[in-house]
1. Comparing ASP157, ASP216, ASP79, which has the greatest mean-square fluctuation in the GNM of the chain with Cα pairs linked when under 10 Å apart?
2. What length, rounded to one decimal in nm, is gained on full extension from ASP216 through to SER248, with 0.36 nm per residue of separation minus their alpha-carbon distance?
3. Lysine pairs in the chain 8 or more apart or on different chains: how many have alpha carbons under 22 angstrom apart?
4. Quickly rank 10-22, 47-59, 197-209 as a protection proxy: mean count of other C-beta atoms within 10 Å, highest first.
5. Just to verify a number: FRET efficiency for LYS89 and ARG57, C-beta to C-beta distance, R0 = 25 Å, to 0.05?
6. Tell me, what is the per residue accessible area of the chain in Å², probe radius 1.4 Å?
7. Does the chain classify as rounded, prolate or oblate by the C-alpha gyration tensor (a ≥ b ≥ c root eigenvalues; a/c under 1.5 gives rounded; else a/b over b/c gives prolate, otherwise oblate)?
8. What distance in nm separates the simple spin-label points at THR194 and PHE99, each placed 7 Å from Cα in the Cβ direction?
Amino acid sequence: VNEYSDTTYYFLTASFSAGKRILQRPSSSSTPTHTINAFDEHEFHEADLYNFLKSGREWYGESFDLQHTYQSFDFNIPDIICSAADPLKVNAAIIGRSFSDEGHFNLFCNGQLVDTKTTAVTNGSVTADYAKGNTIGGSITSCPESFSVRMNFNSADQSASGWLDYIELNARRRLDFSGAGDQIIFRDSRSAGTGNTGKFEIANATVQTKIWDVTDPLNVVLQQTSQGNGTFVYPTDIIREYVAFNGSSFPSPSFIGRVGNQNLHAMQQAQLIIVDRKSTRLNSSHSSVSR
């Protein structure tokens, strides 16, 4: 989640010169070392609802107290592979505020208890941390395509409160276009390695299915298939990101407005310069929000 905006802006221009185009890339003739018919699926939930100190970039989501002790979050992963060999991994970041007893969090996935964690006691001093954070998570080996993740909160402190920062899921998913809707975004960490070559097999793809390599988002490549369907071969020396789509439906952008011609080199002396050092979000068991 971007810390400053909930919208992505694109600047479009037209001129007499040729614009950038997506180039085509043929399927490799190299002998595959890996056959790829499943991929790493990522799901993520984060709602920026509360900024405790009305300052800074750290925001938290859904809240808990002793009157609202649990919340559930629904997920859907089509063609999920969930077994002892390929478990569904669930992780979340939490934060709590209490004065006499720890905040106790229980994480459930598909009705199964995944993990239990606490958040440390704070105190009312103006120099103390406002709340204390922790991470919670684990894995399950049996899960349907549609399921819920539930977070429970309790404490012996009647004034205790808790908040969810985010939930992230990692699972294996069959590389099948039939249940993907209009598009499917995929990558496979298991096939990545020096000298490796992957044979990608997208089930139920057709001749209308287009495949883009978006590993470098500024240099997207149209990947050609070797058999006119969803099969192609390409080196997997790194983790490559692809998107397959049928071309019949696309998200629609909104027009914001025109931007006049600008000449940044002609700007006069700056009135104000802000220097910012990028910080790393604290998600460890020692994370906290200070006053």
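1. Looking only at ASP157, ASP216, ASP79, the largest GNM fluctuation is found for ASP216.
2. Length gained, ASP216 through SER248: 9.1 nm.
3. Working: LYS20/LYS210; LYS54/LYS132; LYS54/LYS278; LYS89/LYS117; LYS117/LYS132; LYS199/LYS210.
Close lysine pairs found across the chain: 6.
4. Numbers: 10-22: 6.8, 47-59: 12.9, 197-209: 18.2.
In descending order of packing, they fall as 197-209, 47-59, 10-22.
5. The pair LYS89/ARG57 has a calculated efficiency of 0.40.
6. I get 62 Å² per residue for this part.
7. Working: a/c = 2.47, a/b = 1.32, b/c = 1.86.
Oblate is the answer for the chain, as a/c is 1.5 or above yet b/c matches or exceeds a/b.
8. The answer from the label model is 5.9 nm.
The values are calculated or read from the model by the stated rules, or taken from the named source; none is laboratory data. Because the structure is a prediction, the values reported are computed rather than measured. Neighbour counts run over all protein chains shown; Cβ positions are idealised from the backbone, glycine included. Keep in mind that these areas ignore ligands, DNA and RNA; they rest on the heavy atoms of the full protein, side chains included. Shrake-Rupley method; radii C 1.70, N 1.55, O 1.52, S 1.80 Å.
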